[in-house]
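Report on one structure; see the data block that follows.
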Amino acid sequence: MLKELLTFIKKLVFEDPYHTVSEKDFIKEYIDDTDICDFVIDEEFKIKREKFISTYPYMPNPYYRDFYSNIYNSFKFTYDLDNVLDEILCEGLTLNRAEALMNLCSFLSTVSTNAMIYIDGDFSIAKKYSLANDLYLMAKAMYDSMMIIHTTSEEDYSRDDVLYISEFDELENCLSCKYIRNGIAVLKLFHVLAILQISPLHNDGVHKIAKKLIQLLREVLYDKRIIKMIVDTDFNGFNKKFHKSTKIKIFFAMSNSDRYCIRLDLPHQGEETIHLNINEPAHKQSTGFPFNGDEIQKARSICEDASIFNELFYFKDDMFWFRSSFITTVTKIGKKDVEKGRKLKEFQHDRGHLCISLPDDENIRSVSDFSAAFAEVMTEYEKEYIYGDTDNNDDILYQYMLFQDYIFDTVIKIKANDIYQKLLGDYLSHLDADSIDQTKLKNLFVKYIKEKFPFDLKMNEYADSDISLCELLLKCLNCIDSFGV
């Protein structure tokens with residue numbers, strides 16, 4: 001799809017009467033079909049692409065000149081980031097790689113923010129346009145840890161030396177890279193939506209859905225991590241009574257590790273529009289999208305009492321989110337005040353089903369076109385197969401997600417303990433401070449694997465092996481990766 005887009009652009013350029021012969025020759029040389037290969041390009045070609053992008057915008061509409069410059073740089077920095085992350089995972093973390101990772105996260109945040117501002121068309125200082133702040137903080141933490149080693153060690157380390165002070169360093173770096181990759185997935189989602197919104201290769205129906213999704217999801221996914229995306233493989237047979245309503249699933253995590261699944265749904269029983277909904281896999285229940293602005297006053301007026309409002313919602317990332325206990329609490333409220341209970345359920349339903357469009361035949365066909373275009377471009381961009389069956393039960397997927405969080409939390413605590421022991425070892429020994437018992441921890445993980453993953457033969461094989469806790473967690477993380485989390 002990216003190749004087709006560039007080919008289309010080249011055609012536009014050749015037909016543009018305002019370009020000189022020399023300019024057209026320049027464009028023909030640097031945007032040749034044979035050179036376009038999924039961003040797997042050498043340094044020389046990247047430089048040529050940068051020169052081209054500064055010479056001519058992707059689209060003839062001058063309004064998008066700055067947008068495409070920023071969105072191209074977003075693609076470029078994302079591509080470079082993926083390469084640095086691969087180098088860290090395959091060859092180890094060095095000070096130079098940590099610095100490159102930190103700088104690329106900073107650059108990516110800037111150009112992505114600029115691109116989102118241009119595509120919005122209705123700028124407001126109150127809106128969130130920056131989507132990668134926490135990625136920079138994670139990358140900076142990795143860089144700072146390397147700088148501490150270099151500046152405090154008596155050894156004369158090179159900036160290209162791979163340094164492992166603890167046996168858990170490799171595991172921590174692996175988890176940190178996954179965290180950053182999950183955050184980059186959010187940016188990739190919006191890059192693709194932004195391009196689909198104005199792509200000349202797609203119809204107005206695709207443009208409208210992409211624009212609507214940007215509007216609805218930008219604040220919801222602010223500083224979040226996308227764990228997995230699934231696009232249903234069946235793009236045909238769309239009609240108002242089609243039995244499989246869910247076409248796209250987006251699983252994401254918040255900084256507090258709460259997890260949600262956003263779904264793009266066709267009309268189904270109880271909801272007659274093409275819509276987005278959201279649920280919590282951990283609690284196997286639907287919830288509502290977070291809210292701010294006028295919706296806050298609406299919710300407060302229904303609750304009447306501030307204590308009820310606080311019992312139903314919590315504040316996170318400048319928005320109010322529905323608590324997991326919302327339905328249970330509202331049921332109790334409804335027994336005492338039927339009308340208030342009804343209004344609260346209605347509010348949750350409305351916030352849980354955000355309308356994309358009305359369910360006429362043309363709009364339903366647009367969902368088919370959008371799903372196919374989104375899956376094609378995202379798969380090409382992500383270098384990962386995202387097609388799947390959206391009817392599958394999410395319980396197993398959620399268990400893998402949760403296990404990955406447990407591993408991350410455990411490694412962070414072990415590393416923190418190691419640092420305290422190294423820096424304050426003598427003092428801690430006077431206080432009879434205990435170090436973390438890794439044997440006991442391993443036994444707990446083995447028990448957890450047996451209970452939660454009896455179907456994962458490979459993971460159970462590792463659990464039965466006589467290996468260290470660190471080796472066990474590394475191998476378990478590989479099993480999680482193979483499942484697509």
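Within the full protein context, the accessible area of Ile414 is estimated at about 0 Å² for a probe radius of 1.4 Å.
Hey, which of these cross-link pairs are over 32 Å Cα-Cα: Lys140/Lys475; Lys415/Lys450; Lys332/Lys447; Lys211/Lys475; Lys140/Lys188; Lys211/Lys345? Kindly include the intermediate steps, with their values, before the conclusion.
Working: Lys140/Lys475 27 Å; Lys415/Lys450 26 Å; Lys332/Lys447 37 Å; Lys211/Lys475 41 Å; Lys140/Lys188 21 Å; Lys211/Lys345 29 Å.
Where the Cα-Cα span goes over 32 Å, the pairs concerned are Lys332/Lys447; Lys211/Lys475.
Surface composition of region 175-324: carbon plus sulfur atoms hold 45% of the accessible area, using a 1.4 angstrom probe and ignoring ligands, DNA and RNA.
As an exercise, use a Förster radius of 60 Å and the Cβ-Cβ distance of His283 and His150 to find the FRET efficiency, rounded to the nearest 0.05. Display every interim value, and only then the final one.
Details: r = 46 Å, r/R0 = 0.76.
Rounded to the nearest 0.05, the efficiency is 0.85.
Rounded, prolate or oblate, given the Cα gyration tensor of region 69-111, with a/c below 1.5 counting as rounded? It is oblate, given that a/c is not under 1.5 and a/b is not larger than b/c.
Rank-order 276-283, 443-450 by packing density, defined as the average count of other C-beta atoms within 10 Å over each peptide's residues, highest first.
Numbers: 276-283: 18.4, 443-450: 15.0.
Taking the mean over residues of other Cβ atoms within 10 Å, the ranking is 276-283, 443-450.
Rounded to the nearest 0.05, the FRET efficiency derived from the C-beta distance between Cys90 and Lys345 at R0 = 60 Å is 0.70.
The values are calculated or read from the model by the stated rules, or taken from the named source; none is laboratory data. As the structure is a prediction and not an experimental result, all values here were calculated from the model. Note that we place each Cβ from the backbone using ideal geometry, even for glycine, and neighbour counts take in every protein chain shown. Side chains are part of the model used for accessible areas, which takes the heavy atoms of the whole protein and leaves out ligands, DNA and RNA. Shrake-Rupley method; radii C 1.70, N 1.55, O 1.52, S 1.80 Å.
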